[in-house]
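Chemist: Once you've had a glance at the structure underneath, I'll fire off some questions.
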Amino acid sequence: MKKLTLLLTILLFSFNSQATLLSIEINDNNYQVGDVLTADFIISDIEEDSLGFQKLLASFDFSLSWDNTMIQYASSSFGEKLDVDPFFPSDQFTDIANGQLDLTEISYAWSSNLLAAQGGFSNFVLASVSFNVLDAGTGSGVLGLSKVDFGDDSYFSKPFTYVNSSDKAYTVTSGSPVNVPEPTALTLMLVGLMLFIRKRSMN
């Protein structure tokens with residue numbers, strides 16, 4: 001009986017101890033100089049509470065690092081699953097320094113509002129960041145995640161128990177996007193003149 005109880009306890013603990021994952025999805029894997037790299041930061045495998053229900057996310061904070069010689073920060077935006085209170089907007093913080101970006105969002109929404117926004121989703125986007133691809137460096141780079149923290153919807157926003165993160169690799173080549181030149185005004189005039197002469201000769 002004791003062995004059975006111990007086994008059930010281990011199984012229950014293993015079932016409830018899944019690690020919530022923060023991963024990165026980018027709009028391509030290979031880039032050329034002048035392209036825009038866009039990264040979406042996605043939460044998935046969200047851990048469950050003691051009753052077996054998926055936890056509601058009320059806050060998050062993480063740091064992102066990259067190679068400044070290959071890509072340059074352009075802009076960032078936040079997702080739509082935390083800023084859901086009709087009266088009190090969430091706090092959203094963006095702090096960038098020395099090739100590192102810190103993104104933070106804190107929701108003041110009631111649990112019912114968070115449930116309406118997040119319920120039924122096993123994963124969703126927390127934020128998106130865009131970078132300009134530079135010509136100063138080529139090769140392979142990595143978007144690196146660190147200091148990942150998720151908070152639930154309890155009164156003091158308790159941190160998630162198990163959190164993992166996954167970095168994302170990308171490649172920059174030395175080639176530049178091919179720009180097709182637009183026809184000049186002189187070219188258009190010459191084409192028109194040739195058509196006019198041809199029409200006159202046919203008559």
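Every read-out reported here was derived from the displayed coordinates using simple, explicitly stated rules and does not represent laboratory data. Since the model is a prediction, treat every value here as computed from it, not as a measurement. Using ideal geometry, Cβ is built from the backbone for each residue, glycine included, and neighbour counts are taken over all protein chains shown.
Chemist: Would you work out if region 13-160 is rounded, prolate or oblate? Take a ≥ b ≥ c from the square roots of the eigenvalues of the alpha-carbon gyration tensor; rounded if a/c is under 1.5, else prolate when a/b is larger than b/c, oblate otherwise.
Modeler: Prolate is the answer for region 13-160, as a/c is 1.5 or above and a/b outweighs b/c.
Chemist: Only counting other Cβ atoms within 10 Å, I'd like TYR73, TYR155, TYR31 sorted with the fewest neighbours first.
Modeler: Starting with the residue having the fewest Cβ neighbours, the order is TYR155, TYR73, TYR31.
Chemist: Taking region 33-104 on its own, what percent of its Cα-Cα pair distances exceed 14 Å?
Modeler: Everything past 14 Å amounts to 70 percent.
Chemist: How large is the charge dipole for region 16-118, taken about the Cα centre, if only the Cβ atoms of Lys, Arg (+1) and Asp, Glu (-1) carry charge, to the nearest 20 debye?
Modeler: 80 debye
Chemist: Something else: Quickly work out the LEU134-to-SER122 label distance, labels modelled 7 Å from Cα along the C-beta direction, and quote it in nm with one decimal.
Modeler: Those two pseudo-labels are separated by 4.0 nm.
Chemist: If you don't mind, there's one more thing I want to ask. Order these peptides, 94-100, 75-81, by their mean beta-carbon neighbour count within 10 angstrom, highest first.
Modeler: 75-81, 94-100
Chemist: Now, a different point. Roughly speaking, what is the stretch gain from SER44 to ILE26, that is 0.36 nm per residue apart minus the C-alpha to C-alpha distance, in nm to one decimal?
Modeler: Residue separation times 0.36 nm, minus the Cα-Cα distance, leaves 4.9 nm.
Chemist: Can you run phi through the Karplus equation (6.51, -1.76, 1.60; θ = phi - 60°) for region 44-50 and list ³J(HN,Hα) in whole Hz, with x for Gly and Pro?
Modeler: My calculation for region 44-50 gives 8, 6, 5, 5, 9, 7, 5 Hz in order.
Chemist: If amide hydrogens are placed 1.01 Å from N in the peptide plane, which non-local residues have theirs closer than 5 Å to the one on PHE124?
Modeler: ILE43
Chemist: Applying a 10 Å radius around every beta-carbon, put 106-113, 57-64 in order of their mean neighbour count, most first.
Modeler: 57-64, 106-113
Chemist: Show me the ranking of peptides 33-39, 115-121, 86-92 by mean Cβ neighbours inside 10 Å, starting with the highest.
Modeler: Top to bottom by mean Cβ count within 10 Å: 33-39, 115-121, 86-92.
Chemist: At a 10 Å Cβ-Cβ cut-off, how would you order THR104, THR69, fewest neighbours first?
Modeler: THR69, THR104
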